[in-house]
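Remarks on the structure that follows.
Bear in mind that the values in this text are calculations on the coordinates, not laboratory data. Note that the coordinates shown come from a computational prediction; the quantities given were computed from them, not determined experimentally. Cβ sites come from the backbone with ideal geometry, for glycine too, and all protein chains shown count toward neighbours.
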């Protein structure tokens, strides 16, 4: 037994109070056992003499056993099933020891065996009943729904819980136990009609969710809480619509999988977000497999301050890395994620590096100093119209940065290199998508199975020196892979923040085209699947994350307006502005001819993309980099088209050379690949 623990218990007055009460209860239990056994004869002198000498012995043995079983270390206001089970074990073991001692020394002469059986049962009932009474006092007398609360001046909202399952039970229990929460539950509703009329912790199930308006009127509820463990997007939309029609404020709790410690907290109550309406099922991570390549490793995350990069850092922490290196070109973003990891996640082994991935000297210093073993490359320019008007930045940052990082990773013995790609790399119609497709080709070119000895590394071209690392590039064990997915809700380039801001300002909400559709997933889901795919790669694969069904942006705008309590087209206008330069009407995840294969993970597919001869690729890249250095927009797009035949460039007015006029780019060969350039 820990000496400090013993000392702490002895100084606690509640410890002595509980022991004193237990001693009294043990004496009462033994006397009651004799009363039940001997009835009226208990008062006879002979039986009193037999009873009294055993009491100190029984009490001493039971208290010692209870102490050893930890019955005096619990907080009895939170008595649980495990505590009751410990009492049962302590009572049974102490009874066994007492009976064994009496058999050895006395052979039970003059003692009734049934008394000891009754004493064991009564001891368990009285001791556990005492603990349960303490919990009842704190919950129902002193607690949020208790006697004293009724006379307090604290005003509590009358809460109606939507759902009557295990998830709702946890929420209800916490509200009853936590006096600080400003809620008093008045009832529950559920889709299961069999639960109508039943009670959970004394709170009735009124009826069906479809009759919510009537239940609100009868219970005078002020607010509704959606507490159903797993809802499809369609079911969530239905419940939201019912709540809106009932004209009651409503909130939702995060899914159980989002609360890492597994405990539901009503403090996590929040407004419905668009990700709730997607109805994504919880991502099942192979914790042991991911842990094998992340636990106790030094991990580099580029673009660590961005939406995807920062969430990757949060998710990586779950697997206890040795160190996380945060590389980002934005001072504000880098500082924000650093402070979050240190102060909110209490993780100190962080190395924040302010700089760009295309800085070869910085990369060399970083890899020599910190020796990363796993690299997640999330740094990229992603805003389609901005990149379309500044294409050289996509080449410098997205393409050159990826090539330098890949070579540096090989030279310094990185084990795994995971490239974060995008669905815009599929049959691209804009520079951003084409640049990300090039990063996929670069990733495959550097793969140990594809590298050609005739290829000239980018380092030798930049430094004009003979590469001493040729052998490392020919014979390396770095596993390269890419992860391709669609739009991420709430990311820096997502339309969600823009729509929310426009709604706050009273509209209009701007949508480029009535039919434009996109694939969406949450930031958390994207980051988790990137980690999962990183564990599955064997080399040069492109993993495709299953995005579900594509969503019309116009429909998304209407739902967000309704979530804000407004009516689309009447209170908030939806205005169509036309497709932006390089923007597709529909996005794809797979290029025609790419062989896609299912994996053992339900949300991840894999393809081995069509690789390109590294000699031709690198020669084309050299020409591309030269045009980027000269800020030649037209030349950049022509070079990209030569490298990526499926790329359909959009030539803007400021791209034009004397003999070239700007044109409107559109794809008509298939309705799902339409795009258009905005003319100047």
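Label sites at residue 575 and residue 105, each approximated as a point 7 angstrom past Cα along Cα to Cβ, lie 9.4 nm apart. Treating r as the C-beta distance of residue 599 and residue 234 and R0 as 35 Å, the FRET efficiency rounds to 0.85. Over what distance in Å are the Cα centres of region 394-437 and region 495-533 separated? The two parts, judged by their Cα centres, are 23 Å apart.
An oblate overall shape is assigned to region 281-333, the ratio a/c of its alpha-carbon gyration tensor axes (a ≥ b ≥ c) being 1.5 or greater and a/b not exceeding b/c. Between residue 369 and residue 24, full extension at 0.36 nm per residue minus the direct alpha carbon distance yields a gain of 117.5 nm. Can you compute the label reach from residue 64? Point 7 Å from Cα along the Cβ direction, backbone N cut-off under 17 Å, restricted to region 99-132. Answer for this model: 99-106.
Per-residue Cβ neighbour counts within 10 Å put 392, 365 in the sequence 365, 392, beginning with the fewest. Between residue 322 and residue 390, the distance separating the two model label sites (each 7 Å from Cα on the Cα→Cβ line) works out to 3.8 nm. Protection proxy ranking of 205-214, 500-509, by the mean of other Cβ atoms within 10 Å over each peptide's residues and highest first, is 205-214, 500-509.
Site pair residue 546 and residue 351 shows an inter-label distance of 3.9 nm when each label is modelled 7 Å from Cα along Cα→Cβ.
Subtracting the Cα-Cα distance of residue 631 and residue 359 from 0.36 nm times their residue separation leaves 96.0 nm of extension gain. Going from the residue with the fewest nearby Cβ atoms within 10 Å to the one with the most, 432, 481, 198, 536 rank 198, 536, 481, 432.
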